[in-house]
Amino acid sequence: MKNVTLGIMALLAVAVLCLAPTGAALDAAGAEIYPDGEDYFKVSTSEDFKVKYTLAELDKDRTISFSAYVVNKAGETQSNAVSPSTGTLTDGIEKTLTVTAPKDAGVYKLVVEFSLKQSDEDIKKDNASYEFKAVNPIKLTVNLKADDVTLNLEEFGVYFYVDNKKMDDSYTTVTLAKDGTGSVTYDWVADPARGSTHTFYVEAVGATDLIKGLGEVHTFYADDNDYSMIIAIAFIILIVLVILAIWIYRKPVKNFGKPKSRR
C-alpha cells in the first residue's frame, strides 16, 4: 500500500512539472502600452503614454529599438503625432512617449513597432497598439447675477461640478459687471455615451449666497455635435433644387394652337 501511495505521488509530481509554464512564459515577455491618464483627450493637445518591452529568456541578449506613429480609422498616418517617434528601449524598462491628438475628433491608434536585434542577419519583429479618442470639449456655461450690486464681488473663485463630481481643473475667478451680471464657462473633456443625461452646477469657493446661479443644477444631453455630414447633404439637396427650378423656368412652352373641331 505504501508503494502504491509513493507511486501516485511521483506521478502527480511529474504531471505538475509537465504542466508548469516555462521560464519564458513566466517572464511575461512582450510589449505593453498604456496612457498615463484616460484613453481620450482634447483635440490638438498632448498626453503621455508608457511603452515597455520585456524580452523572453531566450532573447535576453538582443537590443530593442522602436518606431512609433499614430493612424486614424482609415489607417492613414498622422504627421508629427508622437515624440520621440524612434529610439531604443531597455529590457523591461518603461519609456514615455508624448502623443499629440489630431485637430479632428475621432478614434485613433498609437502603433509601436519593435525590432529585436541580435545581429544584422538575426532581427525579430513585433508590434503593439493602443486605441484612443480625440474629443471636442463640451462647453458648459452658467450665468450669474448678484442681488446687491454694491457688494465687492469683482473677483471670486468657483468650481464646476459635473454629475456631482468636482472638476479640479475647472477653477476660475469670476468678475461681475457693474450691473452685477457675469458668466463662467468650463470646457469639459470627456467621452460620455451618446444621448446620455448629465448635470452640472457651479459652487463658489467661499460662501456667496447673494449670487443667483450658484448651486443651480443644469441638465444637458451628450450628443454628436459633428453636423458636417448633415450640412453637406442639405447643401447638395439645395443645389439640386436650384438646378431643377432653373430648368423648369427656362423650359420652352410649346404652343399647339387650338384643337381642331370635329367634323
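The values are calculated or read from the model by the stated rules, or taken from the named source; none is laboratory data. Quick caveat: nothing in here was measured; it's all calculated off a predicted structure. Positions of Cβ are backbone-derived with ideal geometry, glycine not excepted, and every protein chain shown enters the neighbour counts.
Anything in region 160-179 that is basic (Lys, Arg) and in contact with a strand residue (DSSP E or B) (Cβ under 9 Å, 6 or more places away or on another chain)? List them, or say none.
The one that is basic (Lys, Arg) and in contact with a strand residue (DSSP E or B) (Cβ under 9 Å, 6 or more places away or on another chain): 166.
Please specify each residue of region 48-72 satisfying the condition of being part of a strand (DSSP E or B) and in contact (Cβ under 8 Å) with a residue 60 or more places away in the chain.
The answer is 49, 51, 53.
Among 132, 200, 114, 160, which is under 27 Å from residue 59 (Cβ atoms), buried (at least 18 other Cβ atoms within 10 Å of the Cβ) and not basic (Lys, Arg)?
Numbers: 132 fails: under 27 Å from residue 59 (Cβ atoms); 200 fails: under 27 Å from residue 59 (Cβ atoms); 160 fails: under 27 Å from residue 59 (Cβ atoms).
That would be 114, the only listed residue that is under 27 Å from residue 59 (Cβ atoms), buried (at least 18 other Cβ atoms within 10 Å of the Cβ) and not basic (Lys, Arg).
I'm trying to understand the selection: among the residues of region 201-232, which are hydrophobic (A, V, I, L, M, F, W, C) and at pLDDT below 60?
Within region 201-232, 229, 230, 231, 232 meet the criteria.
When only residues in region 98-111 that are in a strand (DSSP E or B), out of contact with any Ser or Thr (no Cβ under 6 Å at 6 or more places or on another chain) and aliphatic (A, V, I, L, M) count, which is surrounded by the fewest Cβ atoms within 10 Å (Cβ to Cβ)?
107
Please tell me if residue 95 is surrounded by fewer than 18 Cβ atoms within 10 Å (Cβ to Cβ) and of a type in the set (Lys, Arg).
No: the conditions fail for residue 95.
Hey, any hits in region 127-143 for a residue that's farther than 30 Å from residue 52 by Cβ and either without any contact (Cβ under 8 Å) to a residue 12 or more places away in the chain or touching a Gly at 6+ places or on another chain (Cβ under 9 Å) (or both)?
Looking through region 127-143, at least one residue is farther than 30 Å from residue 52 by Cβ and either without any contact (Cβ under 8 Å) to a residue 12 or more places away in the chain or touching a Gly at 6+ places or on another chain (Cβ under 9 Å) (or both).
Is it true that residue 99 is assigned by TED's automatic domain parsing to the domain that holds residue 199 and either over 30 Å from residue 212 (Cβ atoms) or touching a residue at least 40 places away in the same chain (Cβ under 8 Å) (or both)? Walk me through how you get there before you give the answer.
Numbers: assigned by TED's automatic domain parsing to the domain that holds residue 199: no; either over 30 Å from residue 212 (Cβ atoms) or touching a residue at least 40 places away in the same chain (Cβ under 8 Å) (or both): yes.
Spelling it out, it is not the case that residue 99 is assigned by TED's automatic domain parsing to the domain that holds residue 199 and either over 30 Å from residue 212 (Cβ atoms) or touching a residue at least 40 places away in the same chain (Cβ under 8 Å) (or both).
Taking the condition farther than 30 Å from residue 194 by Cα, assigned by TED's automatic domain parsing to the domain that holds residue 52 and of a type in the set (Gly, Ala, Ser), does residue 83 pass? Even if it seems obvious, please write down each step before you answer.
Working: farther than 30 Å from residue 194 by Cα: yes; assigned by TED's automatic domain parsing to the domain that holds residue 52: yes; of a type in the set (Gly, Ala, Ser): yes.
Yes; evaluated as a whole, the condition is true for this residue.
Would you point out the residue of region 28-79, among those that are of a type in the set (Val, Ile, Thr) and over 30 Å from residue 188 (Cα atoms), that is surrounded by the fewest Cβ atoms within 10 Å (Cβ to Cβ)?
Here the residue is 63.
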